[in-house]
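First up is the structure itself, then whatever we jot down about it.
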Amino acid sequence: MNQSLEERLQLALQQQRAAFTTEPMPTLATRRDRLQRVRTMMERHGEAIAAAISKDFGHRARQESLLADVFAVSAAARHALAHVRGWMRMRRVPTQAHFLPGHNRLLPQPLGVVGIVSPWNYPVHLALIPAVAALAAGNRVLLKPSELTPETSALMAAMVAEHFAPDEMQVITGDAEVGRAFTELPFDHLFFTGSTAVGRLVAQAAAKNLTPVTLELGGKSPAIVDRSADLATTAERLAFGKLFNGGQTCVAPDYVLAPRELVQPLADALRAAMQRLYPRIGDNPDYTSIAAPRHHERLQRLLADARQRGARVLPTHDEQPAGRRMVPQLLLDVSDEMAVMQEEIFGPLLPIMGYERPDDALAYVRTHDRPLALYWFGRDDAAQRRVLEQTHAGGVTINDCIWHLGQEDQPFGGVGASGMGAYHGEWGFRTFSKDKPVFVQSRFAATWMFQPPYGARFERLLGLLKRLAG
C-alpha cells in the first residue's frame with residue numbers, strides 16, 4: 001500500500017473524529033438538517049443516479065433504480081425525520097424496588113465515526129440507507145462504495161461533497177486495495193454489506209481494532225411452496241422477486257422447495273409468468289443486465305456445471321441475447337453436489353427441488369446455513385406457523401418475495417452465516433448508538449446503610465433483600 005493512500009484514509013478519519021469531538025451530541029435540528037439533505041440529494045439527482053447505475057451495469061431498468069435506490073433512500077430519510085426526536089430522547093426504564101427512590105435512565109449517544117462498505121448490486125441503497133441511520137444517531141460517516149460501479153461511485157462522491165462537509169459525510173472511492181485498507185481503520189463502528197466470504201475478512205480486520213461490526217451478508221434464501229398455495233399467484237410473485245434487478249438481489253429467492261407433484265406445474269407457471277413480465281429479453285428496457293463480465297461468466301459456469309451433473313434446464317425464452325443479458329433459466333432435478341446449490345446464485349437461475357412431506361422441506365432448510373431471507377407460500381395457517389417456528393432466517397415474507405426488505409418499522413439483518421446485527425428505522429439508530437445507562441440517586445437514598453463498618457445491620461438488610469428477591 002502506497003503512503004498516499006494511507007495518508008488519505010487517515011486524514012479523512014482524523015478530520016471526522018476531530019469534528020465529532022467538538023460536537024459529540026448533535027442537536028435535533030442538526031440531525032434533521034442532515035437527513036433532509038439526503039432527501040434533497042435524491043430529489044435532485046434521481047435521474048442521474050438511474051443513468052449512472054445503468055451505465056455501470058451495461059443496462060439496468062430505470063424504474064428499478066428509481067424504486068430500489070432513489071425512492072428507498074428518500075423513504076428511509078423521511079421515516080427518520082419523522083421519528084428521530086423520539087429515538088434520541090433519554091428514556092426512563094424500570095428501577096428495582098430496593099433502589100428507589102433513585103431511578104434509571106437510558107441516554108442514546110452517537111458512537112463517533114462510522115465506516116460503511118457497500119456493494120455493487122444496489123449501490124446507492126446499500127450505501128445511503130445505513131448512512132441515514134448513522135446520521136440520525138448523530139455520527140460522522142465515511143463511505144466506501146464498490147469499485148465495480150465506478151460511474152455511480154463517482155456520482156455519489158460528487159453528490160455527497162455537494163451537500164455535506166467532508167467532516168460530516170465523505171465518500172472514499174477506489175479499488176479492492178482501498179477497500180481492505182478502509183476496513184482496517186479504527187472506526188467506532190464498521191458496517192459491511194457483501195458476501196459471506198468477504199464478510200469474514202472484514203470481521204477479522206475490524207477485530208484488530210476491537211471495532212464493532214454489522215455484517216449484512218447473503219446466502220441461499222429458500223422459497224417453500226405449500227400444497228395449499230395458489231400456484232398462479234405464487235409463480236407471478238416468485239418470478240418478480242427472482243428477476244428484479246436481473247436476480248442480483250441479496251434477498252432474491254435462491255431456490256424453491258415445492259411438493260414433488262407440483263414441481264413441473266410450478267415450473268410451467270413460472271415460465272409463463274416470467275414471459276408475461278418480460279415478453280423479450282435482448283432489447284427489453286425493463287430487464288436488467290448482469291452487472292459485470294466476471295459475474296456473467298460465473299453464472300454461465302454454474303449453469304454448465306448443473307447441466308453436466310444431470311440438471312434439467314428450462315430456458316424461459318427462445319433467445320440468445322447479446323452482451324450480458326441473460327435469459328432466465330429454471331433448473332429441475334438438482335442435487336447438492338451441483339455448484340448452483342452450494343453458492344449464492346445472484347442471477348436469473350432458479351433451481352426447483354421437490355419434497356414429499358413438509359417436514360422434509362424444513363429439514364433441508366435447517367441442515368444448511370441460515371439464510372438472509374425465507375419465503376413461504378400457502379393458505380394453511382398451521383403450516384405457516386410451523387415454518388416460522390422451525391426455521392431460522394434473517395427475515396421472512398409470506399406469500400410474496402423481498403418486500404420485508406422495505407419495512408422501516410422492522411429490523412433488517414441476517415443470522416448465522418447470513419450476517420450479524422440489524423438496521424432500518426429505529427433498529428439502525430440503535431445500531432449506531434450507545435445506550436448509556438444512567439442511575440440517578442435520590443438525596444433520600446438509604447444506601448448509606450450498606451456502608452462499613454459492617455455488622456448485624458448489614459446482615460439483616462442483606463437477608464431482607466434476599467427475601468424480597470424471592
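The values are calculated or read from the model by the stated rules, or taken from the named source; none is laboratory data. Computed from a prediction, not measured in an experiment: that's the story for all the values here. Methodologically, a virtual Cβ is constructed for each residue, glycine included, from the backbone with ideal geometry; neighbour enumeration extends over all protein chains shown.
Looking at the stretch 359-444, the strands (runs of 3 or more DSSP E) lying wholly inside it that each contain 1 or more residues that are surrounded by fewer than 17 Cβ atoms within 10 Å (Cβ to Cβ) and not aromatic (F, W, Y) sit at 395-398, 433-440.
Which one of Q320, Q275, Q300 is out of contact with any Lys or Arg (no Cβ under 8 Å at 6 or more places or on another chain), at pLDDT 95 or above and surrounded by fewer than 15 Cβ atoms within 10 Å (Cβ to Cβ)? Break it down stepwise before answering.
Values: Q320 fails: at pLDDT 95 or above; Q275 fails: surrounded by fewer than 15 Cβ atoms within 10 Å (Cβ to Cβ).
Matching residue, one of Q320, Q275, Q300: Q300.
The residue pairs whose first member lies in the stretch 246-272 and is closer than 28 Å to A291 by Cα and not assigned by TED's automatic domain parsing to the domain that holds R60, whose second member is charged (D, E, K, R) and assigned to a helix (DSSP H, G or I), and whose beta carbons are closer than 7 Å, counting only pairs six or more residues apart or on different chains, are A252/K242; P253/K242. Each residue in the stretch 417-470 was checked for being small (G, A, S) and over 19 Å from N139 (Cβ atoms), and 11 pass.
Just one residue in the set R78, R62, R105 is within 26 Å of R294 (Cα to Cα), out of contact with any Gly (no Cβ under 9 Å at 6 or more places or on another chain) and at pLDDT 95 or above; that residue is R62. In the stretch 163-187, the residues that are in a loop (DSSP other than H, G, I, E, B) reach residues that are acidic (D, E) and surrounded by fewer than 21 Cβ atoms within 10 Å (Cβ to Cβ) with C-beta atoms within less than 8 angstrom, at least six apart or across chains, in these pairs: T173/E147; G174/E147; D175/E147.
If we keep just the residues of the stretch 278-292 that are surrounded by fewer than 18 Cβ atoms within 10 Å (Cβ to Cβ) and modelled with pLDDT of 95 or more, which is nearest to A232 (Cα to Cα)?
Pass one, the stretch 278-292, residues surrounded by fewer than 18 Cβ atoms within 10 Å (Cβ to Cβ): 279-280, 282-286.
Subsequent filtering for residues that are modelled with pLDDT of 95 or more retains 279-280, 284-286.
Details: P279: 17, R280: 21, N284: 24, P285: 25, D286: 22 Å.
Restricting to residues being surrounded by fewer than 18 Cβ atoms within 10 Å (Cβ to Cβ) and modelled with pLDDT of 95 or more, the top hit is P279.
For the stretch 188-225, residues that are within 29 Å of L362 (Cβ to Cβ), outside any loop (DSSP other than H, G, I, E, B) and touching a strand residue (DSSP E or B) at 6+ places or on another chain (Cβ under 7 Å) total 9.
Restricting the search to the stretch 323-337, which residues are touching a residue at least 12 places away in the same chain (Cβ under 8 Å) and either surrounded by 15 or more Cβ atoms within 10 Å (Cβ to Cβ) or among the charged types (D, E, K, R) (or both)? Steps first, please.
Here is the first cut: in the stretch 323-337, the residues touching a residue at least 12 places away in the same chain (Cβ under 8 Å) are 323-335, 337.
Hits for the stretch 323-337 are R324, R325, M326, V327, P328, Q329, L330, L331, L332, D333, V334, E337.
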